[in-house]
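J.: Quick one: this structure, given as structure tokens, is what I'll be asking you about.
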2 protein chains.
Amino acid sequence: MTNASITPLIMAGGAGTRLWPVSRDSMPKQFIQLLDDGLSTFQATLLRVKGEPFGRPIVVTNQEFRFVVAEQMQALGIAGEIVLEPERRDSAAAVAIGALLARRQDPAAVAVALAADHVILDAARFRADCTSAAALAATGLIMTLGIVPTAPSPAYGYIEPGAALGREGASRLSRFVEKPDEATARGYVGRGFLWNSGNFVFAAATMIEELERFAPEILAGAGAAIAAATVDLDFVRLDPAAFATIPKTSIDYAVMEKTEKAGVLAAGFDWSDIGAWDSLHAVAGKDAAGNVLQGPVVAVDSADSLLRSDDMLLTAIGVKDIVAIATRDAVLIAPKSEAGRVKALVEQLKRQGRPEATEHLRMYRPWGWYQRIDLGARFQVKRINVKPGGKLSLQKHFHRSEHWIVVRGTAEVTLDGQVSHVHENESIYLPIGCTHRLANPGKIDLELIEVQVGSYTGEDDIVRLEDVYART
Amino acid sequence: MTNASITPLIMAGGAGTRLWPVSRDSMPKQFIQLLDDGLSTFQATLLRVKGEPFGRPIVVTNQEFRFVVAEQMQALGIAGEIVLEPERRDSAAAVAIGALLARRQDPAAVAVALAADHVILDAARFRADCTSAAALAATGLIMTLGIVPTAPSPAYGYIEPGAALGREGASRLSRFVEKPDEATARGYVGRGFLWNSGNFVFAAATMIEELERFAPEILAGAGAAIAAATVDLDFVRLDPAAFATIPKTSIDYAVMEKTEKAGVLAAGFDWSDIGAWDSLHAVAGKDAAGNVLQGPVVAVDSADSLLRSDDMLLTAIGVKDIVAIATRDAVLIAPKSEAGRVKALVEQLKRQGRPEATEHLRMYRPWGWYQRIDLGARFQVKRINVKPGGKLSLQKHFHRSEHWIVVRGTAEVTLDGQVSHVHENESIYLPIGCTHRLANPGKIDLELIEVQVGSYTGEDDIVRLEDVYART
């Protein structure tokens, strides 16, 4: 047993489509505000491990999400290590990297590996359970946080507990079982099986030892990716070549199903992985009729439904047990019982080449965001928002001219080497082929309307000549 | 019996909300393409009465809709008289005015009064029934077109036929009955009652006689409104003062329930008044699963539903018997069986002051249209489309400057008296307080992006100094 703090290892690299159209590859659900707490689940996860007994977090994410991760941490005033995966890998890579980094900081480090997209409301109980699991982890066990099932759900993998470990709720882990059908699940629940939450508590040294034993190529790849990592702004950028050698597999398969050191703690907190819209309905606050209403929604005589709209007016009459999700460019409607099929729908949309399947209208960038507001045959209009200090790349286009009209703040515009300032209610014209750069030198957000005119207005007509965010 | 043609009297002044969010006060359903025929129901009505045995149509509409009426007639190459009501009245005013105008053209005129928002697909049968009814109308009867019920619907008023008139399907009209409950309706259908379609065939002189007898103040008001009418562009603009004296009532109440001259013809055509979204589902073409899919819609394992989207991607999984209607700024979802409650929902939205209840994002004007594409605290962005020859009013604003960027065509801009041409990919700045005017001198549509910047960007900050469409 140790009195040292527990290192949170937050896995925030996933790109789930099961909450489409809100969650898309370009901005997945862990970074989106799903509940009424004003936080993304990633932020709620950070807050849950803020302060005793937890230490400085290590966040492992995809390099695509580095700016949103940094921004959401900054908004909470939480500092930590942000480790960037150059491409998508499964959880084994993230856990191996986290364990190696944690051990580098403290050879006796105990870590808790947490998914960034789970909802756990009872933070006190979560802390207590982590503390309890950490005490067992310090003895050399890898403790899974198991969830006491609230229903015989076929949506989760199950864990069969083994011999008691002499601490309340803690056992040896007898075996993992795959997602069952409902009848089998009923049997599991009757026999005291637990849901596998995918969250673990372990000593870094133990995890590394077990990786060495059961998945040495994962450990080797992770070690090499760290050894050759570069620090880019505030990020630890893993070496792409080394990282690419790591097999794509989950920590369950790589280690947990093989190790003799697995334990499970029956956690005392409510938990949801918000695996589909019906799960969000289950977790979120409801009105008297059992509806979850988020955004500009008017529901008449409706019950037990999730009605959510980002922007436009969503209205419903007499609906029951449905989910209806409206974003600016896509709407989804399904009975709650069919919500689990959204992922397959998104696959279908991807095959059809629909951009709404993967991209949001509002695209976040290191310097702020842009959003298409209109599109015609030979023109496109965007609203562009640049944070104070933000600076776009020095760039040029082959097929379009641009008109920028500043509607808030002040723009610093570099046009073929000449720098000028464009203030609110002023405009500037950027002829086709010119080199140009936009920056916000001010103290408030810069907002401008960009009107592109040309034979092609696709996002890929851009030559980046120089970029402060290393995107050239 | 007469061999003269039948004068179509098309009543196109209604402002239905039962097909919200597609139909709104600013552009009601008769002007919107509801089926896959590429036509509005107003246009389909015009085509139905084009050629023998029908004469030149008289269209009675609200003055607000004059440009859309003129444009939709022009698109079909159909000329006719367009009579503008200065405010909303019920059908008695429109029928009285139509009868007076028809008689002025021909003292023996026979007219068919038609709603502009009904669907009748069998045009040949419609013509035959009108010819048959016209023969009876020429003998001094006012013939109602009765519809053989397809179900005991509580959504319609019923007509009890009386003594046979010696022509197939034609009878004296025994009585009108109000919309019944379903049990009563079942009795009506069993006893051979017909639905009241609200469409009539009559000699203008007969209708005027009966108005004189039962509703002299309606006839007097209508006569005075015509006598003092002005011709404004191609429109007959009724005198507002005289028009205001006409009581607001339906022709059913004013004349049909009182006259001894009422007859009814059991029409042989299928008919729908598209009184709600479920009616559109019933009338429109369906896929193998019974779905009506209009616009960019992806439906998986869904059945018997109406899924319609103007613009954004609408997706559904496993829905049955629902209507889901998506427009750019509002979405409606309801079981088909609840579609009749949309009007009440819109009333609720109006009470809440929601602009989506009454206004479309795209607003039609005599010169073309505009659409808001973005809105911020101190700015607004619009896309403006000006038809060749179109000319906006000479105007000024107290609270905003404007930037115009031409993205297609050529603009003729008058700025404080100076005229200049702005071409594609050029822009012009209109400072706050300047007088300005926009026109399209070219042969193709002019499209421009207008960026308004100022402390107030409401539509009512406009001083019209001069207007070719008489809107000053």
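The values are calculated or read from the model by the stated rules, or taken from the named source; none is laboratory data. Values in this document were obtained by computation on a predicted structure and should not be read as measured data. Here the Cβ is made from the backbone with ideal geometry for all residues, glycine too, and neighbour counts use every protein chain on show. To get the accessible areas, we keep the full protein, side chains included, count just its heavy atoms, and leave off ligands, DNA and RNA. Shrake-Rupley method; radii C 1.70, N 1.55, O 1.52, S 1.80 Å.
J.: Does B:GLY157 qualify as being touching a helix residue (DSSP H, G or I) at 6+ places or on another chain (Cβ under 9 Å) and modelled with pLDDT under 95?
T.: yes
J.: Filter region A:264-311 down to residues that are small (Gly, Ala, Ser), out of contact with any Lys or Arg (no Cβ under 6 Å at 6 or more places or on another chain) and more than 18 Å from A:SER40 (Cα to Cα), then give me how many there are.
T.: Residues that pass the stated criteria total 8.
J.: Same structure again: Looking at region A:259-270, which of its residues are acidic (Asp, Glu) and either under 27 Å from A:ARG127 (Cβ atoms) or within 14 Å of chain B (Cβ to nearest Cβ) (or both)?
T.: Correct list: A:ASP270 only.
J.: Strands (runs of 3 or more DSSP E) wholly in region A:271-354 with at least 3 residues that are within 8 Å of chain B (Cβ to nearest Cβ) and more than 17 Å from B:SER302 (Cβ to Cβ) - which ones?
T.: A:313-317
J.: While we're looking at this one, here's another question. Which number in (1) under 19 Å from B:ILE251 (Cβ atoms); (2) touching a residue at least 24 places away in the same chain (Cβ under 8 Å) marks the one condition that B:SER174 misses?
T.: (2)
Here is a yes/no grid of residues against (1) among the small types (Gly, Ala, Ser); (2) farther than 28 Å from A:ALA282 by Cα; (3) out of contact with any Phe, Trp or Tyr (no Cβ under 7 Å at 6 or more places or on another chain); (4) not assigned by TED's automatic domain parsing to the domain that holds A:GLU217:
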| position | (1), (2), (3), (4) |
| --- | --- |
| A:GLN63 | no, yes, yes, no |
| A:ALA70 | yes, yes, yes, no |
| A:SER91 | yes, no, yes, no |
| A:ASP106 | no, yes, yes, no |
| A:LEU114 | no, no, yes, no |
| A:HIS118 | no, no, no, no |
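J.: Can you name the number of the only condition in (1) open to solvent by 30 Å² or more (accessible area, probe 1.4 Å); (2) not in a loop (DSSP other than H, G, I, E, B) that B:GLY98 fails?
T.: (1)
J.: Considering only region B:217-264, how many residues are farther than 30 Å from B:ALA135 by Cβ, out of contact with any strand residue (DSSP E or B) (no Cβ under 7 Å at 6 or more places or on another chain) and open to solvent by less than 60 Å² (accessible area, probe 1.4 Å)?
T.: 10
J.: Now a separate question. For region B:422-456, which positions are within 14 Å of chain A (Cβ to nearest Cβ), closer than 22 Å to B:GLU466 by Cα and not in a strand (DSSP E or B)?
T.: Passing the criteria: B:PRO431, B:ILE432, B:GLY433, B:CYS434.
J.: Every residue in region B:8-19 that is farther than 27 Å from A:ALA316 by Cβ and either part of a loop (DSSP other than H, G, I, E, B) or open to solvent by 20 Å² or more (accessible area, probe 1.4 Å) (or both), please.
T.: Matches in region B:8-19: B:MET11, B:ALA12, B:GLY13.
J.: Only one of (1) within 27 Å of the chain's Cα centre (by Cα); (2) part of a loop (DSSP other than H, G, I, E, B) fails for A:THR139. Which number is that?
T.: Single failed check for A:THR139: (1).
J.: Please specify each residue of region B:71-95 satisfying the condition of being of a type in the set (Asp, Glu) and open to solvent by 20 Å² or more (accessible area, probe 1.4 Å).
T.: Those that are of a type in the set (Asp, Glu) and open to solvent by 20 Å² or more (accessible area, probe 1.4 Å): B:GLU71, B:GLU81, B:GLU87, B:ASP90.
J.: Determine whether region B:299-306 contains at least one residue that is surrounded by fewer than 21 Cβ atoms within 10 Å (Cβ to Cβ), of a type in the set (A, V, I, L, M, F, W, C) and touching a helix residue (DSSP H, G or I) at 6+ places or on another chain (Cβ under 9 Å).
T.: Within region B:299-306 (the criterion being surrounded by fewer than 21 Cβ atoms within 10 Å (Cβ to Cβ), of a type in the set (A, V, I, L, M, F, W, C) and touching a helix residue (DSSP H, G or I) at 6+ places or on another chain (Cβ under 9 Å)), the answer is yes, since at least one residue qualifies.
J.: While we're looking at this one, here's another question. Mind checking which residues of region B:364-386 are open to solvent by 30 Å² or more (accessible area, probe 1.4 Å) and either at pLDDT below 95 or in contact with a Lys or Arg (Cβ under 7 Å, 6 or more places away or on another chain) (or both)?
T.: Of everything in region B:364-386, those that are open to solvent by 30 Å² or more (accessible area, probe 1.4 Å) and either at pLDDT below 95 or in contact with a Lys or Arg (Cβ under 7 Å, 6 or more places away or on another chain) (or both) turn out to be B:TYR364, B:ARG365, B:TRP369, B:ARG372, B:LEU375, B:ALA377, B:ARG378.
J.: Filtering region B:51-78 down to residues that are assigned to a loop (DSSP other than H, G, I, E, B) and more than 22 Å from B:GLY368 (Cβ to Cβ), which residue is nearest to the chain's Cα centre (by Cα)?
T.: B:PRO57
J.: Tell me, yes or no, whether region B:204-212 has at least one residue that is surrounded by 22 or more Cβ atoms within 10 Å (Cβ to Cβ) and within 23 Å of the chain's Cα centre (by Cα).
T.: Within region B:204-212 (the criterion being surrounded by 22 or more Cβ atoms within 10 Å (Cβ to Cβ) and within 23 Å of the chain's Cα centre (by Cα)), the answer is no, since none of the residues qualifies.
J.: Return the residues of region B:149-198 that are among the small types (Gly, Ala, Ser), in a strand (DSSP E or B) and open to solvent by less than 30 Å² (accessible area, probe 1.4 Å); say none if nothing qualifies.
T.: The answer is B:ALA170, B:SER171, B:SER197, B:GLY198.
J.: Return the only residue of B:VAL331, B:VAL319 being touching a residue at least 60 places away in the same chain (Cβ under 8 Å) and buried (at least 21 other Cβ atoms within 10 Å of the Cβ).
T.: That would be B:VAL331, the only listed residue that is touching a residue at least 60 places away in the same chain (Cβ under 8 Å) and buried (at least 21 other Cβ atoms within 10 Å of the Cβ).
J.: Given the residues B:LYS396, B:LYS343, which is the only one that is within 25 Å of the chain's Cα centre (by Cα), in contact (Cβ under 8 Å) with a residue 24 or more places away in the chain and open to solvent by 10 Å² or more (accessible area, probe 1.4 Å)?
T.: Answer to the check: B:LYS343.
Quick grid of which residues meet (1) hydrophobic (A, V, I, L, M, F, W, C); (2) farther than 23 Å from A:TYR469 by Cβ; (3) open to solvent by 10 Å² or more (accessible area, probe 1.4 Å):
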residue	(1), (2), (3)
A:ILE6	yes, yes, no
A:PRO21	no, yes, no
A:LEU34	yes, yes, no
A:GLY51	no, yes, yes
A:GLN63	no, no, yes
A:VAL69	yes, no, no
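J.: So, B:SER40, is that one touching a Phe, Trp or Tyr at 6+ places or on another chain (Cβ under 9 Å), open to solvent by 10 Å² or more (accessible area, probe 1.4 Å) and of a type outside the set (Val, Ile, Thr) or not?
T.: For B:SER40, the condition - touching a Phe, Trp or Tyr at 6+ places or on another chain (Cβ under 9 Å), open to solvent by 10 Å² or more (accessible area, probe 1.4 Å) and of a type outside the set (Val, Ile, Thr) - is not met.
J.: Hey, among B:VAL406, B:VAL413, which residue is crowded, with 18+ Cβ neighbours inside 10 Å, hydrophobic (A, V, I, L, M, F, W, C), free of Cβ contacts under 8 Å to residues at least 60 places away in the same chain and within 9 Å of another protein chain (Cβ to nearest Cβ)?
T.: Going through B:VAL406, B:VAL413 in turn, just one is crowded, with 18+ Cβ neighbours inside 10 Å, hydrophobic (A, V, I, L, M, F, W, C), free of Cβ contacts under 8 Å to residues at least 60 places away in the same chain and within 9 Å of another protein chain (Cβ to nearest Cβ): B:VAL406.
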